[in-house]
Amino acid sequence: MTGHSTVDPPAGAWPSQLKRSDGKGLYEPPVYRPKNALLRWVEARLPIGGLIYSSVVAYPTPRNLNYWWTFGAILTFMLMAQIATGVVLVMHYAATADGAFDSVERIMRDVNYGWLLRYLHANGASMFFLAVYVHMFRGMYYGSYKEPREVLWILGVIIYLLMMATGFMGYVLPWGQMSFWAATVITNLFSAIPIVGDPIVTWLWGGYAVGEPTLQRFFSLHYLLPFVILGVVVLHIWALHVVGQNNPAGVDPQTEKDTVAFTPYATLKDIFLIAVFCIAYGWFVFYIPNYLLAADNFIPANPGVTPTHIVPEWYYLPFYAILRSIPDKLMGVIALFASIIVLAFIPWLDTSRVRSARYRPLFKQFFWLWVIACVGLGWLGSKQPEGIYVILSRVFTVYYFAFFLIVMPLLGIFEKTKPLPNSISESVLGAKA
Amino acid sequence: MTTASSAEPTRRDFLYIATAVVGAVGGAAALVPLIAQMNPDASTVAAGAPIEVDLAPIADNQAIKVFWRSKPIYIWHRTKEEIQHAQNVDVATLPDPQSDAARVKDGHDQWLVVIGICTHLGCIPLAHEGDYGGFFCPCHGSQYDTSGRIRRGPAPANLAIPPYAFVSDSKIRIG
């Protein structure tokens with residue numbers, strides 16, 4: 001029962017794969033048994049207490065999880081924070097071409113704590129993306145996308161795409177110069193599609209250019225999509241709980257001694273890192289709230305003048321660089337979408353039987369080069385597309401795709417991996433375990 | 001979960017409880033802006049500053065309506081008859097006992113300034129209507145007299161008096 005390629009997760013849902021450490025059969029985690037009669041009455045009719053207990057209290061969690069595993073909880077926290085601040089911001093926002101910019105300024109100046117709510121929401125989006133990139137990089141480094149977690153990974157890619165759409169539409173709402181022109185550039189991407197491209201763009205705009213109809217529909221969808229994300233996150237966590245967490249060793253837990261109860265260990269680890277993360281979040285919100293905001297967005301949208309330096313928000317910059325590094329319009333758009341869609345295929349592109357990069361010395365090096373390429377593309381996305389920046393963008397773009405399409409399939413065949421530990425306990429406690 | 005069970009509270013217990021308390025205070029503090037943002041914002045509060053109304057154009061027996069803080073305010077230049085009617089009522093028989101003198105300013109009893117919101121469910125009563133020569137609310141039939149006091153109908157209280165003062169004999173400041 002060691003992660004060989006089979007179709008189904010072994011022996012049903014987690015934690016039924018765990019054996020008892022004394023050898024007497026399968027391990028059964030504690031079950032929710034309320035002492036209070038009222039709670040028993042509710043539980044018999046709607047077993048939410050039992051669900052919560054078995055999912056986040058008694059849930060067996062690999063005992064060797066490191067802090068990179070807390071980012072799922074951080075992301076859940078940030079989603080709640082964005083929804084809460086977003087809902088209260090909508091109480092003061094006007095989604096009209098004439099009123100949007102002024103309503104945001106009114107929020108900043110007149111609404112009680114409006115400045116705080118706006119900065120929380122705008123910087124919260126950046127922190128949300130920072131956390132999602134850490135979360136994705138963790139998955140790639142430790143092989144969390146491999147069998148049996150392929151669907152979990154793909155759900156994650158879907159969440160990421162929804163986040164990108166939500167973030168883009170949210171940025172349009174203040175109706176500044178950057179909002180308007182980012183909307184124009186991104187919607188124009190679809191004009192690259194042959195034959196149906198232009199009708200699609202007109203349909204997206206609701207007019208002959210980006211205008212009030214565009215703003216209003218983006219507002220509606222920006223309110224809707226976070227709740228769609230919430231739904232897919234529920235599926236994501238469900239898929240996780242069917243197969244159980246991966247862990248830094250990439251070796252399946254064998255007995256209950258390889259695990260600890262989720263509460264209090266993982267719960268407190270999550271809460272602790274959420275607090276640390278909030279310090280970084282608070283640093284932006286209270287000391288440098290406009291650092292990540294483009295100055296041009298303080299100019300009301302002018303459909304007649306394009307800013308000299310259109311840049312998307314930092315979390316889109318790598319894809320922006322990939323788009324601009326391809327000289328052909330349609331191929332550039334295809335490369336842009338392919339750079340995200342390729343992620344969905346890595347459970348099958350990576351042929352290695354070994355999950356964690358800890359035991360894959362070559363993969364580790366190629367992976368970090370790939371991270372450097374991503375950061376490099378991000379930096380290049382903020383530069384004007386000329387001279388050395390174009391050359392570097394093309395080099396990094398080639399490596400970006402080569403990592404998925406060449407390195408991952410080949411390394412699985414040719415890489416000499418390090419020997420895996422016999423169990424998680426052994427990797428944590430040494431051979432005495 | 002490994003717990004050292006002991007009768008005495010341990011250092012660990014103290015740390016857990018202290019952290020939970022600080023966390024709870026932080027959580028409550030985080031809720032404050034989310035709830036406070038629904039209060040009137042600075043521009044609404046600024047629009048609610050006092051207003052001055054010139055009484056000179058208001059003819060005898062005329063009632064005008066002005067708005068202050070989004071509330072309709074009746075300013076009624078009462079005739080001698082209307083003042084008499086208001087003052088001659090036995091206060092004890094009123095549903096909401098209040099003398100006319102308590103509802104007007106000294107030396108200016110020809111000016112009735114009331115908030116034109118029916119104390120029943122908030123409709124605007126009509127001036128110079130009803131059996132008492134005062135106000136009549138068309139929504140559910142409440143009747144007010146020439147001092148704006150409730151006489152008949154479902155409304156429980158007299159029409160409210162806004163804060164106001166005479167800046168001069170022909171000008172008042174409301175608010």
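The values are calculated or read from the model by the stated rules, or taken from the named source; none is laboratory data. This one's a predicted model, so the numbers in the text were calculated from it and none came from an experiment. Virtual Cβ from ideal backbone geometry, glycine too; neighbours counted across all protein chains shown. Areas reflect the complete protein model, heavy atoms only, side chains present, ligands, DNA and RNA absent. Shrake-Rupley method; radii C 1.70, N 1.55, O 1.52, S 1.80 Å.
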statement: In region A:98-115, anything within 10 Å of another protein chain (Cβ to nearest Cβ) and open to solvent by less than 20 Å² (accessible area, probe 1.4 Å) is listed as A:Ile107, A:Val111, A:Gly114
- request: Taking only region A:238-285 into account, find how many residues are without any contact (Cβ under 8 Å) to a residue 60 or more places away in the chain, closer than 30 Å to A:Ser427 by Cα and away from chain B (no Cβ under 12 Å).
  value: 2
query: Looking at A:Leu18, A:Leu65, A:Leu79, A:Leu89, which one is open to solvent by less than 80 Å² (accessible area, probe 1.4 Å), closer than 30 Å to A:Pro174 by Cβ and away from every other protein chain (no Cβ under 14 Å)?
result: A:Leu79
- request: Determine whether region B:29-49 contains at least one residue that is within 14 Å of chain A (Cβ to nearest Cβ), under 30 Å from A:Ile83 (Cα atoms), part of a helix (DSSP H, G or I) and among the polar types (S, T, N, Q).
  value: yes
Filter result for B:Ala63 (under 30 Å from A:Glu105 (Cα atoms) and away from chain A (no Cβ under 14 Å)): no
query: Residue check: is B:Phe14 open to solvent by 90 Å² or more (accessible area, probe 1.4 Å) and assigned to a helix (DSSP H, G or I)?
result: yes
- prompt: Could you list, in sequence order, the residues of region B:57-80 that are open to solvent by 70 Å² or more (accessible area, probe 1.4 Å) and in a loop (DSSP other than H, G, I, E, B)?
  reply: B:Pro57, B:Asp60, B:Gln62, B:Arg69, B:Ser70
From the options A:Ala94, A:Ala131, residue that is among the small types (Gly, Ala, Ser), more than 11 Å from chain B (Cβ to nearest Cβ) and either open to solvent by 30 Å² or more (accessible area, probe 1.4 Å) or in contact with a His (Cβ under 6 Å, 6 or more places away or on another chain) (or both): A:Ala94
message: Within region A:306-323, does at least one residue satisfy the condition of being under 22 Å from A:Val157 (Cβ atoms), touching a residue at least 12 places away in the same chain (Cβ under 8 Å) and not in a helix (DSSP H, G or I)?
response: yes
- prompt: B:Ile83: buried (at least 17 other Cβ atoms within 10 Å of the Cβ), within 19 Å of the chain's Cα centre (by Cα) and not acidic (Asp, Glu), yes or no?
  reply: no
query: Scanning for something closer than 19 Å to B:Leu94 by Cα and free of Cβ contacts under 8 Å to residues at least 24 places away in the same chain, does region B:111-120 turn up at least one residue?
result: no
task: Answer yes or no: is there a residue in region A:179-188 that is among the polar types (S, T, N, Q), within 14 Å of chain B (Cβ to nearest Cβ) and open to solvent by 30 Å² or more (accessible area, probe 1.4 Å).
output: no
- request: Could you check region B:126-175 for strands (runs of 3 or more DSSP E) lying wholly inside it with 1 or more residues that are of a type in the set (Val, Ile, Thr) and surrounded by 14 or more Cβ atoms within 10 Å (Cβ to Cβ)?
  value: B:150-152, B:171-174
field: Of all residues in region A:189-222 being of a type outside the set (A, V, I, L, M, F, W, C) and under 25 Å from the mean Cα position of the chain (by Cα), the one that is farthest from A:Arg324 (Cα to Cα)
entry: A:Ser220
message: Under 6 Å between Cβ atoms, which residue pairs at least 6 apart in sequence (or on different chains) link something in region B:141-162 that is in contact (Cβ under 8 Å) with a residue 24 or more places away in the chain with a partner that is loosely packed, with under 15 Cβ neighbours inside 10 Å and acidic (Asp, Glu)?
response: B:Ile150/B:Asp96; B:Ala157/B:Asp96; B:Asn158/B:Asp96
